[in-house]
1. Tell me which trypsin sites (Lys or Arg not before Pro) from the range 96-148 have a DSSP coil assignment and no more than 12 other beta carbons within 10 Å of their own.
2. Accessible area per residue of the range 124-235 at 1.4 Å probe, in Å²?
3. Take the Cα radius of gyration of the range 459-535 and divide it by 2.2 N^0.38 Å, with N its residue count; two decimals is plenty.
4. Take the solvent-accessible surface of the protein heavy atoms, probe 1.4 Å, and return the percent of it on the range 397-439 that carbon and sulfur atoms account for.
5. Which order do peptides 63-76, 278-291 fall in by mean Cβ count within 10 Å, highest first?
6. Please state the shape class of the range 48-132: rounded when a/c is under 1.5, otherwise prolate if a/b exceeds b/c and oblate if not, all from the C-alpha gyration tensor.
7. For the range 454-510 and the range 186-249, what is the centre-to-centre distance using only Cα atoms, to the nearest Å?
8. Tell me the label-point distance for the pair HIS104, LYS430, using the 7 Å Cα-to-Cβ offset, in nm and rounded to one decimal.
Amino acid sequence: MRFIVTIILLMGLGNIGHAQLGQHKKEFTRQDSLRGSITPERAWWDLNYYDLDIKVTPSTKFLAGSNTIHYKVLKPHNVMQVDLQEPLIMTKAVQDGRELKIKHEGNAHFITLTKEQLPGTINQVQVFYEGNPREAKNAPWDGGVSWKKDKNGNDFVATSCQGLGASVWWPNKDHMYQEVDSMAIRINVPNPLMNVSNGRLIKTEPKEDNTTTYHWFVKNPINNYGVNINIGDYVNFSEVYGGENGALDLNYYVLRDNLEKARKHFKDVPRMMEAFEHWFGPYPFYEDSYKLVEVPYLGMEHQSSVTYGNKYRNGYLGRDLSGTGWGMKFDFIIIHESGHEWFANNITNKDIADMWIHESFTAYSENLFLDYHYGTQASNEYVIGTRRSISNNRPIIGIYDVNHEGSGDMYYKGANMIHTLRQIVNDDEKWRSILRNMNKTFYHKTVTTQDIENFLSSSIGEDLNGFFNQYLRGTKIPQLVLSQKKNKLSYRWKNTVSDFNLPIRITVDGESILLRPTSDTQEIKLPSEKSTVETDVNYFVTYNLK
C-alpha cells in the first residue's frame with residue numbers, strides 16, 4: 001500500500017529514511033537481522049494457529065492480553081523467538097501451566113521451553129503482554145495504532161503495520177515467510193464502540209464492566225501484517241455478490257454519519273470484484289467474506305478486512321495519479337487495496353525485500369480494472385501515465401534478511417514492467433490465463449522473486465532472467481536504438497544487462513514486425529527508402545530513432 005509516500009516524495013519532499021542502494025549505505029543492526037531473518041529460534045517450529053485475546057482501552061491508549069500460539073515441532077529445540085515491539089512489555093509465557101523463562105533482546109524475545117519438543121507434535125505457548133503501543137505518526141506509512149476521534153467525539157481506533165511489523169501491537173512470529181493456518185481474534189472494547197477484524201464475526205459477548213468482546217474467526221492462512229483491529233461507532237450494511245465460487249458476502253462497516261454516502265460510493269466494490277475475478281480468478285477468501293472498513297487513515301490491504309479512508313472521493317484523495325483522467329473513474333483505495341487480496345494476501349512474499357510481488361502486480365491491477373470496464377486503450381493510457389512517478393533511484397528488490405524493502409518504484413515501474421510482459425505475450429486470453437494460473441499455482445502460499453520469475457518465464461515461453469535483472473535489480477531503462485538508412489533499418493539495445501531479452505514489435509508501413517534485438521547491431525530490409533517506422537509506447541523502454 002505504502003507507495004503513496006513515494007508519489008508524495010517524488011513531488012519534492014525527498015526520500016527520507018530509506019537506504020539508497022548505490023547512493024547511501026545503511027548500516028544494519030542485530031535487531032534488523034532478528035526481525036528480518038529466519039533465525040534458528042524461528043526455523044524449528046511451524047505456525048499452526050493463533051488465539052489472540054486483547055482488551056483495548058482507548059481512554060489510556062492501552063492494550064493488554066495474550067496470544068496463544070499453536071505450533072508444530074519440525075526439529076528438536078528448546079528456545080522459541082516471539083516478537084513484540086517496545087514499548088509493549090511481554091509479561092510472561094506459559095506452556096502446560098508452567099511459566100517459562102524469557103530473555104528479552106529489544107523487540108525479540110527468546111522463550112526457553114522446559115517440555116521436550118518432539119518432531120511432529122503440536123504444542124502451544126500462551127504469551128501475555130500489555131502496555132501503550134507505538135502510536136502511528138503518519139499511518140499507514142509510519143504505522144502503529146491510530147488513536148483518533150470521529151467528529152462526534154467517539155473513539156476511532158485502527159492498526160496499520162506494513163513493513164514495521166504486526167509485533168508493534170501484538171506478539172507473534174513476525175516474519176513473512178510463514179503464515180498461520182487460521183486464527184481467532186477476540187477484542188474487548190468499551191460500549192458503545194464496535195471492533196471489526198478479519199474473517200467472520202462469530203459472537204458478540206457483552207461484559208458486566210460496560211464493555212463488549214467481539215469474536216472474529218479467520219479460516220484461511222493470513223500474514224501477520226494483514227491482521228487488524230478497527231474500533232469505532234460503526235454501522236453495517238451488506239450485499240451478496242454472485243462470484244465465480246458462488247455467493248460472496250460483501251460487508252461494509254462505516255461511521256454512523258457516513259452511512260448514506262457509503263451506500264452510494266461503495267458501488268465500486270462489486271465492479272472491482274467482477275473485474276478482478278475475471279483477470280485473476282476467484283476471490284481467495286470466500287470462507288472469510290470481503291469487508292471494507294472505514295478507518296482514520298488512508299487505507300491498507302488487511303486480509304478480508306480492507307481498510308478505507310479515501311474520504312468518499314474518486315481518484316487518490318481526489319487526484320488522478322496517471323494524469324490521464326482515467327484515474328478519476330474509480331476510488332483508488334477501493335480498487336488498489338482490494339487488488340492486494342490476490343497479490344499480498346493470496347500470494348505473499350517470503351521476505352519484504354521481494355515486496356514488489358505485492359505492489360507491482362497490485363499497481364498493475366488498477367489498469368486491468370480500467371481494461372475490464374473501459375477498454376484496453378483506457379488501460380494502456382493509465383499505466384503509461386503512471387510512469388511520471390518513476391524515479392529509478394535504486395533497485396526494486398531490497399536487501400534480504402534485514403527487513404529491508406526496495407525502491408518505491410516497485411509500484412509503477414513494476415506495473416509498467418508487467419505491462420511490458422503483456423506486450424510480449426501479445427494474446428490477451430493467454431495473458432489472462434497466466435494471471436489466473438499464477439493465483440491458482442501459488443494459492444495461499446508465500447513465495448520468492450525466483451518463484452515468480454520461473455513461473456512467468458515458463459508460462460510466457462521466454463527466458464526472462466535478463467529481463468527481470470534489468471527491471472528489478474537495476475535502475476537503467478532499456479533504450480532501443482534504431483537507425484534508418486535508405487531501405488535498411490539497423491537496431492540494437494543500449495543501457496541493458498548482458499543477457500537482456502525483450503522481443504519487441506515495431507510497425508513498418510502499418511505492418512507489425514517482431515524484432516529480437518541484442519546489444520549487437522542487427523539489420524532488416526525495409527520495403528522502400530520511404531518506409532515509415534513506428535514504435536510502440538506500451539513497452540517500458542525508450543527509443544532513439546535516427
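1. Values: sites: ARG98, LYS101, LYS103, LYS115, ARG134, LYS137, LYS148; in loops: LYS115, ARG134, LYS137.
Qualifying residues, ordered by number: LYS137.
2. Values: 3700 Å² over 112 residues.
Result: 33 Å² per residue.
3. Details: Rg = 13.7 Å, N = 77, 2.2 N^0.38 = 11.5 Å.
Against the compact-globule rule of thumb, the ratio is 1.19.
4. Carbon and sulfur: 39 percent of the exposed surface of the range 397-439.
5. On the way: 63-76: 17.7, 278-291: 21.1.
Descending mean neighbour count gives 278-291, 63-76.
6. Details: a/c = 2.49, a/b = 1.83, b/c = 1.36.
Taking the square roots of the gyration eigenvalues as a ≥ b ≥ c, the range 48-132 is prolate.
7. The two parts, judged by their Cα centres, are 49 Å apart.
8. Taking the two extended label points, one gets 6.0 nm.
The values are calculated or read from the model by the stated rules, or taken from the named source; none is laboratory data. Note that this is a predicted model, so its numbers are computed, not measured. A quick note on method: Cβ atoms are made from the backbone with ideal geometry, for glycine too, and the neighbour counts reach across all protein chains shown. Heavy atoms of the whole protein, side chains included, go into the accessibility calculation; ligands, DNA and RNA do not. Shrake-Rupley method; radii C 1.70, N 1.55, O 1.52, S 1.80 Å.
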